[in-house]
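Since the structure comes first, as C-alpha cells, the remarks are kept for the end.
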Amino acid sequence: MSTVTSKNWKNKKGTGERTCVCGSWKNHWIKFAKKDWPEYCSVKECGNAPVLGAHVINAEVEGERIVPMCDSCNKLQESFDLKGEVTVVRANTRETCEK
Ligand SMILES: [Zn+2]
Ligand SMILES: [Zn+2]
C-alpha cells in the first residue's frame, strides 16, 4: 500500500463526521501503516506537524485513503502531491479495522 503514486491527490470532502472503531483516523493510520505518527504533514514541501488522518482520493488509486495531515493542508481545494515516502492507508473499514 506504500507503492501508490504521490502525485495529484485531493482531499475528499464531507468526511468530517465519519468514524471507525480505531477511535480516530489518526489511530487508524498508525495501526495500519504500522509506523509511528510522523513529524511532518504528508503534503509535499509542508513542514507543519500533522494533526489528523485525512481522507484523500486519487484518480489512479482505488478507494479512499488516509494520510497524516496538518489542518491547513486538509483545507486545500486544489490537488497536491504527497511526500515520496508517505504511507497511504486504506480508509475502507471493511478492508481494515472492521474486517
Ligand atoms: Zn479504523
Ligand atoms: Zn500540511
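A few notes on this one:
- Dipole magnitude for the chain: computed about the Cα centre from +1 point charges on Lys and Arg Cβ and -1 point charges on Asp and Glu Cβ, it is near 220 debye.
- Contour excess over end-to-end distance, with Cα ends at S6 and V21 and 0.36 nm allotted per residue: 2.7 nm
- Taking a ≥ b ≥ c as the square roots of the eigenvalues of the Cα gyration tensor, an a/c ratio below 1.5 marks the chain as rounded.
- Amide H partners (placed H, <5 Å) of N92, local residues excluded: E64
- Relative contact order of the chain, defined on C-alpha pairs under 8 angstrom at six or more residues apart (%): 38 percent
- Using the Karplus relation 6.51 cos²θ - 1.76 cosθ + 1.60 with θ = phi - 60°, the per-residue 3J(HN,Hα) values for region 18-32 come to 6, 9, 9, 5, 6, x, 8, 6, 4, 4, 4, 5, 4, 5, 9 Hz, with x marking Gly and Pro.
- In this label model, K13 and K75 are separated by 1.6 nm, measuring between points 7 Å along each Cα→Cβ vector.
- Förster radius 25 Å - calculated FRET efficiency between E95 and D36, Cβ distance, rounded to 0.05: 0.65
- Taking the average, over residues, of other Cβ atoms within 10 Å as the packing measure, peptides 81-91, 35-45, 16-26, 66-76 rank 66-76, 81-91, 35-45, 16-26 from highest down.
- Farthest toward positive dipole pole in the chain [+1 Lys/Arg, -1 Asp/Glu at C-beta], among S24, C41, T96: T96
- Cα gyration tensor, region 30-82 - rounded (a/c under 1.5), prolate or oblate: oblate
- Taking each DSSP H run with n ≥ 4 as -39500 (n - 2.57) and averaging over every residue of the chain yields -2500 deg cm²/dmol at 222 nm.
No value in this document is a laboratory result; all are computed from the given coordinates. What you see is a predicted model, and the numbers here were worked out from it, not measured in a lab. Heads up, the Cβs are rebuilt from the backbone with ideal geometry, glycines too, and the neighbour counts pull from every protein chain shown.
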